[in-house]
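Structure first, commentary second.
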Amino acid sequence: VQLRRARVVHGVKLAMPRFAVADYPHHLRIVGTDNHGDEHVLFDGPTVYDAAMTAVFEPAEPGVRIRWSPLPLSKVRLEQPVAAGDRPWTIYEMHVLGDGELPDVE
C-alpha cells in the first residue's frame with residue numbers, strides 16, 4: 001500500500017468475512033518504508049494468536065489485527081515468507097491503523 005504521504009502508522013487489520021475466517025495468512029511479514037526510503041520489518045511471524053484475539057474481541061468483524069510501535073511510513077508491504085508454505089489465504093480488506101498526519105517538525 002503506497003500512502004499519499006507519510007503517516008504515523010501503528011498496525012494493520014486484515015479483514016475477512018465470517019465464511020473465510022480460516023483463510024488468514026498463517027505466517028506473514030510486514031515491511032514498512034519510511035519517508036527516507038528505508039525499509040523496516042514491522043512483523044515477521046505466525047499470525048494465529050493475532051487471528052484468535054481478533055475473533056475473541058471483535059467477533060462481528062473477523063480478521064487479523066497486527067500492531068507495532070508507531071512509525072512514520074509512506075508504504076506498507078505484506079509478504080508471505082517461504083515458511084508459510086503454499087497455504088492459501090484471502091484478505092478482503094486491509095485497514096492501515098495510524099495516528100494520522102505527521103507532526104510538523106522544524
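The values are calculated or read from the model by the stated rules, or taken from the named source; none is laboratory data. Quick caveat: nothing in here was measured; it's all calculated off a predicted structure. Because the Cβ atoms are built from the backbone with ideal geometry, glycine has one as well, and the counts that use them run over all protein chains shown. Surface accessibility is based on the protein's heavy atoms, side chains included, excluding ligands, DNA and RNA. Shrake-Rupley method; radii C 1.70, N 1.55, O 1.52, S 1.80 Å.
Per-structure values
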{"quantity": "Residue satisfying all of: in the range 64-106; at pLDDT below 80 and in contact with a strand residue (DSSP E or B) (Cβ under 6 Å, 6 or more places away or on another chain); most open to solvent (accessible area, probe 1.4 Å) among these", "calculated": "99"}
{"quantity": "Test: residue in the range 52-60 that is among the acidic types (Asp, Glu), open to solvent by less than 50 Å² (accessible area, probe 1.4 Å) and either over 19 Å from residue 9 (Cα atoms) or touching a Phe, Trp or Tyr at 6+ places or on another chain (Cβ under 8 Å) (or both)", "calculated": "yes"}
